[in-house]
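**Q** The following block contains the structure, expressed as structure tokens.
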Amino acid sequence: MRTILSLFFFLILALPAFADEKPASGGSGNVEAGKVIYDKRCIFCHGKEGAGDGPASERFSPKPRDFTMGLFKYRTTPNGMMPTDDDLFKVVSHGLPGTGMPAWDDVLSEQDRRDVVAYIKTFSERFAKQTEPLPVVAIGAEIPSSPESIEKGRELFQKLECFKCHGNEGRGNGPSALTLTDDKGDPILPRNLTLNWHFRGGGEAKDIYMRINTGLNGTPMPSFTDSLDNEKSWHLANYVRSLSPATRPAMDVVIKSKKVTGAIPTDPADPFWQAGGEGGQDANWFPMVGQVVRHERHFTPTVRDIFVKSVFNQDEIGFLISWNDPSESKEGDPLPTPGGAVEEDLFGSFGQEEDSSKAAAPTTASDDAISVQFPSVKPEGFKKPFFVRGDDKLSVNLWNWTAGKLSESNSNGIDKETMQAQEGVAIQGAGGYKEGQYQIVLKRSLLSDDKVNDTQFEVGKFTSIAFQARDGHNGETGTKMSISHWYFVLLEPETPKEVFIYPPLVFLAVLGFELILRWRLRKSNDSKK
Amino acid sequence: MKKSLVLVVVWAIIVVFGASPVFAGSVSGTIKLGIAAPSMAPIKVDKDQEVCGKERVSDKLILSGDNGIANAMITIKGVTGGKKLDTAKKIEFVQEKCQFKPHVLVIPKGAEIDIVNNDPITHNIHTFARKNQSINKAQPASLKRFTSPKFTEVEQIKVQCDIHRGLMSAWFFVTDSPYTVVSDASGKFNITDVPPGTYEVEIWHEALGKQTEKVTVAAGDATLNVSLMPQAKK
């Protein structure tokens with residue numbers, strides 16, 4: 001009797017949950033209705049025949065999915081298998097953060113999205129051939145993150161050789177990283193595991209658990225499922241999760257430059273900059289985007305995040321700037337060919353005239369670089385120079401670090417940069433590349449003699465600041481770079497001593513006033529009686 | 001009595017040879033490169049040198065001393081009757097010293113293969129299948145062997161290890177013909193149990209493309225020696 005009762009209650013409790021879940025098999029979406037939506041919303045990127053070759057496709061890296069291949073990255077099904085309808089529905093609904101794929105859940109109704117999924121499935125015959133129900137990777141009992149679990153995960157990361165692509169510290173800079181391509185032959189980079197807000201399939205441990213077990217079809221990311229059980233999957237997922245901050249950094253538009261008493265060291269490894277040091281405060285985080293404002297545009301930049309902190313003393317202001325780059329590059333470094341050691345065509349010239357009309361792809365890298373941009377002269381009111389390297393009227397002052405070389409320049413537009421004389425360069429700096437990350441310190445005196453070309457820093461005032469970065473392995477020279485918008489740096493005035501005296505005085509005065517008031521009210525009440 | 005004995009013998013012959021033609025021959029020969037061997041610079045290995053070595057000969061074109069071509073695939077087309085496809089045969093595909101062995105593997109349609117890692121490092125076996133279920137599995141040293149899914153569609157499939165891109169590549173040929181073989185290190189091949197007839201023979205090589213020849217199998221064995229020429233590009 002008890003079993004029947006509990007079964008009854010279970011059914012009652014479970015029913016609403018079941019009712020919510022749409023069946024994962026086909027039939028819930030209408031192909032014809034889906035085609036109408038697809039032709040209106042999706043065709044521009046994914047193309048008429050679903051081959052990922054719409055007119056906008058060339059601007060994307062990664063490229064829009066080619067549905068005709070029948071290979072899908074973000075699935076809950078085992079390696080090499082087709083996605084479930086719900087897997088596709090999730091991607092359509094929530095989009096893929098960090099790619100051109102937007103979330104459609106606030107544009108299209110649920111039925112519309114199911115219809116689109118049904119239509120997408122007509123592009124590859126693999127779906128039609130999939131007659132058996134798809135197995136789904138089960139996520140077993142969770143092992144919550146803990147130092148022990150993370151340590152076990154770290155050992156697995158080493159043992160399974162995840163670092164070969166993802167790098168020793170997870171920044172996507174492993175020895176095999178730069179030779180990778182996807183199944184269509186387009187270059188693809190291993191995910192930087194320290195910035196989990198860029199993980200397309202979700203950045204939490206349960207998402208990572210799924211990815212390491214399913215792999216990403218159509219990419220070099222394999223499934224590790226034969227080497228992992230439920231426990232190991234959680235340990236490895238917890239470790240990978242631990243490489244990113246606990247919460248996504250919030251964007252604060254003002255960098256609060258902190259007053260310090262001693263000298264500002266130029267070595268980023270100096271204890272000064274570490275937690276507990278005078279300059280050990282949290283860095284500001286800013287998003288970076290490709291320079292697509294001026295010709296020649298760059299849609300596929302490497303650097304998408306920059307971390308900045310600032311300090312000043314009575315003479316100088318300093319910035320510690322860090323960003324991720326999967327490779328260190330200097331002008332002239334040979335570029336790895338996607339395809340690795342050799343992909344030569346042995347008989348390439350047999351019976352064929354040399355085709356000299358083909359533009360040769362660059363075979364060498366350019367310099368990795370960072371620029372910090374300020375208005376040359378503090379503008380009046382709210383008017384600022386154009387955020388991409390200034391404009392005709394208002395110029396910007398740039399502090400440049402270019403593969404170890406320091407320079408200062410002024411710019412009145414993206415192709416109108418004037419270098420300052422090298423002997424007059426006043427910025428100092430140091431730092432470099434380590435395990436997929438650049439850390440550079442740049443500093444200068446607060447004031448300089450050249451009031452026309454050099455930004456002057458005053459305590460208590462806001463100064464506009466912007467950043468530009470270049471990855472020399474990604475063809476980023478000239479107008480091709482990552483850029484940020486304008487933000488502010490504020491040299492925080494020292495807290496005046498009055499701050500510590502006035503509040504208690506005000507408190508006492510208010511208290512005294514209230515006491516008097518209370519006494520008088522009571523007195524007048526008493527007199528009425 | 002004598003009559004019934006003859007009948008039994010005839011019946012036995014029909015039973016034993018019924019499925020396969022009584023007079024089957026073999027086709028054998030050598031595949032050679034039709035021009036002088038091209039000069040090939042060795043591949044410089046830039047990772048895992050302790051396992052993969054420092055330099056490697058490309059396995060895109062392996063020639064014997066007398067220009068015999070290894071890893072050419074030879075298939076007799078349009079054979080009716082004859083032997084059956086053996087889908088139960090144990091097939092191993094091995095990763096050793098950062099090389100796939102064999103470089104060209106014939107897989108009967110419906111068969112599965114065992115994938116073996118003899119190296120002390122992780123490889124990933126990645127098949128670029130369009131019709132069959134694609135595979136991309138990490139195979140660390142601790143995972144010595146696993147069995148692939150069944151290959152269910154006729155398809156030519158590129159295989160590579162992404163971790164050792166440029167060093168490790170191979171080809172799978174899923175075939176429904178039991179008359180498909182791969183040439184050995186000296187370019188020799190031998191296809192047995194071919195029913196009499198005149199057939200087209202397709203020869204494929206990774207660097208040389210496809211070439212078609214004709215062969216006639218009569219009562220005895222046939223010989224087919226082929227000179228492969230690189231194809232002029234259009």
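The values are calculated or read from the model by the stated rules, or taken from the named source; none is laboratory data. None of the values given here were measured: they were computed from a predicted structure. Positions of Cβ are generated from backbone atoms using ideal geometry, with glycine treated the same way; all protein chains shown enter the neighbour counts.
**Q** Restricting segment A:185-210 to residues that are touching a residue at least 60 places away in the same chain (Cβ under 8 Å), within 16 Å of residue A:99 (Cβ to Cβ) and among the charged types (D, E, K, R), which is farthest from the other protein chains (Cβ to nearest Cβ)?
**A** Only one residue tops the list, namely A:200.
So that you can scan it fast, the table gives a plain yes or no per residue for (1) in a loop (DSSP other than H, G, I, E, B); (2) closer than 26 Å to residue B:157 by Cα; (3) within 23 Å of the chain's Cα centre (by Cα):
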| position | (1), (2), (3) |
| --- | --- |
| A:135 | yes, yes, no |
| A:144 | yes, no, no |
| A:149 | no, no, no |
| A:152 | no, no, no |
| A:156 | no, no, no |
| A:164 | no, yes, yes |
| A:174 | yes, no, yes |
| A:184 | yes, yes, no |
| A:189 | yes, yes, yes |
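**Q** Kindly provide the set of residues from segment A:224-243 that are under 24 Å from the mean Cα position of the chain (by Cα) and within 13 Å of another protein chain (Cβ to nearest Cβ), ordered by number.
**A** A:236
**Q** Would a scan of segment B:119-136 turn up a residue that is touching an Asp or Glu at 6+ places or on another chain (Cβ under 8 Å), touching a residue at least 12 places away in the same chain (Cβ under 8 Å) and more than 14 Å from chain A (Cβ to nearest Cβ)?
**A** no
**Q** Report whether or not residue B:146 is aromatic (Phe, Trp, Tyr), under 12 Å from residue A:226 (Cβ atoms) and within 10 Å of chain A (Cβ to nearest Cβ). Outline the logic, then answer.
**A** Details: aromatic (Phe, Trp, Tyr): yes; under 12 Å from residue A:226 (Cβ atoms): yes; within 10 Å of chain A (Cβ to nearest Cβ): yes.
Criteria met by residue B:146.
**Q** Looking only at segment B:39-58, which residues are part of a loop (DSSP other than H, G, I, E, B), surrounded by 15 or more Cβ atoms within 10 Å (Cβ to Cβ) and within 11 Å of chain A (Cβ to nearest Cβ)?
**A** Looking only at segment B:39-58, we keep the residues that are part of a loop (DSSP other than H, G, I, E, B), and these are B:39-42, B:45-48, B:53-54, B:57-58.
Next, from what is left, pick out any that are surrounded by 15 or more Cβ atoms within 10 Å (Cβ to Cβ): B:40, B:45-48, B:53, B:58.
B:40, B:45, B:46, B:47, B:48, B:58, listed by residue number.
**Q** Quick one: residue B:36 ticks every box in (1) assigned to a loop (DSSP other than H, G, I, E, B); (2) at pLDDT 90 or above bar one, so which box is it?
**A** Of everything listed in (1) assigned to a loop (DSSP other than H, G, I, E, B); (2) at pLDDT 90 or above, residue B:36 misses just condition (2).
**Q** If you scan segment A:284-312, which residues turn out to be more than 15 Å from the chain's Cα centre (by Cα) and modelled with pLDDT of 95 or more?
**A** A:309, A:310, A:311, A:312, listed by residue number.
**Q** Okay, moving on. So which residues in segment A:282-304 are surrounded by 20 or more Cβ atoms within 10 Å (Cβ to Cβ) and assigned to a strand (DSSP E or B), if there are any at all?
**A** A:284, A:286, A:290 - these are the residues of segment A:282-304 that are surrounded by 20 or more Cβ atoms within 10 Å (Cβ to Cβ) and assigned to a strand (DSSP E or B).
**Q** Is it the case, given these coordinates, that residue B:157 is in a strand (DSSP E or B) and touching a Phe, Trp or Tyr at 6+ places or on another chain (Cβ under 6 Å)?
**A** Values: in a strand (DSSP E or B): yes; touching a Phe, Trp or Tyr at 6+ places or on another chain (Cβ under 6 Å): yes.
Criteria met by residue B:157.
**Q** Within segment A:348-396, can you find the residues that are modelled with pLDDT under 65 and surrounded by 10 or more Cβ atoms within 10 Å (Cβ to Cβ)?
**A** A:348, A:349, A:350, A:351, A:352
**Q** Let me ask something else. Out of all the residues in segment B:129-147, is one or more at positive phi and crowded, with 16+ Cβ neighbours inside 10 Å? Walk me through it before giving the result.
**A** At the first step, the residues of segment B:129-147 found to be at positive phi are none.
Checking segment B:129-147: not a single residue is at positive phi and crowded, with 16+ Cβ neighbours inside 10 Å.
So that you can scan it fast, the table gives a plain yes or no per residue for (1) in contact (Cβ under 8 Å) with a residue 12 or more places away in the chain; (2) farther than 15 Å from residue A:316 by Cα; (3) out of contact with any Cys (no Cβ under 9 Å at 6 or more places or on another chain):
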{"site": "A:421", "(1), (2), (3)": "no, yes, yes"}
{"site": "A:431", "(1), (2), (3)": "yes, yes, yes"}
{"site": "A:436", "(1), (2), (3)": "yes, yes, yes"}
{"site": "A:439", "(1), (2), (3)": "yes, yes, yes"}
{"site": "A:445", "(1), (2), (3)": "yes, no, yes"}
{"site": "A:455", "(1), (2), (3)": "yes, no, yes"}
{"site": "A:460", "(1), (2), (3)": "yes, no, yes"}
{"site": "A:463", "(1), (2), (3)": "yes, no, yes"}
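**Q** Right, another one. Any residue at all in segment A:144-162 that is over 19 Å from residue A:244 (Cα atoms), of a type in the set (A, V, I, L, M) and free of Cβ contacts under 8 Å to residues at least 12 places away in the same chain?
**A** To start, the set of residues in segment A:144-162 that are over 19 Å from residue A:244 (Cα atoms) comprises A:159-161.
Still in the running and of a type in the set (A, V, I, L, M): A:160.
Restricting the remaining residues to those that are free of Cβ contacts under 8 Å to residues at least 12 places away in the same chain gives none.
So far as segment A:144-162 goes, no, none of its residues is over 19 Å from residue A:244 (Cα atoms), of a type in the set (A, V, I, L, M) and free of Cβ contacts under 8 Å to residues at least 12 places away in the same chain.
**Q** Here's another thing I want to ask about it. Would you point out the residue of segment A:465-483, among those that are in a loop (DSSP other than H, G, I, E, B) and within 19 Å of residue A:410 (Cβ to Cβ), that is nearest to the chain's Cα centre (by Cα)? Give the derivation first.
**A** The initial filter retains those residues of segment A:465-483 that are in a loop (DSSP other than H, G, I, E, B), namely A:471, A:475-481.
Restricting the remaining residues to those that are within 19 Å of residue A:410 (Cβ to Cβ) gives A:478-479, A:481.
On the way: A:478: 23, A:479: 21, A:481: 15 Å.
That would be A:481.
**Q** Quick check: anything in segment B:151-161 within 27 Å of residue A:155 (Cβ to Cβ) and within 7 Å of chain A (Cβ to nearest Cβ)? Quick ask: steps written out before the conclusion?
**A** Of the residues in segment B:151-161, the ones within 27 Å of residue A:155 (Cβ to Cβ) are B:161.
Narrowing the set further to residues that are within 7 Å of chain A (Cβ to nearest Cβ) leaves none.
Looking for residues that are within 27 Å of residue A:155 (Cβ to Cβ) and within 7 Å of chain A (Cβ to nearest Cβ), one finds none in segment B:151-161, hence no.
**Q** In segment A:26-83, how many residues are under 22 Å from residue A:201 (Cα atoms) and in a loop (DSSP other than H, G, I, E, B)?
**A** Residues that pass the stated criteria total 25.
**Q** Would it be correct to say that residue B:166 is away from chain A (no Cβ under 11 Å) and touching a residue at least 12 places away in the same chain (Cβ under 8 Å)?
**A** Values: away from chain A (no Cβ under 11 Å): no; touching a residue at least 12 places away in the same chain (Cβ under 8 Å): yes.
Considered against the rule, which asks whether it is away from chain A (no Cβ under 11 Å) and touching a residue at least 12 places away in the same chain (Cβ under 8 Å), residue B:166 comes out as no.
**Q** So, in segment A:408-437, exactly how many residues are small (Gly, Ala, Ser) and crowded, with 17+ Cβ neighbours inside 10 Å?
**A** 6
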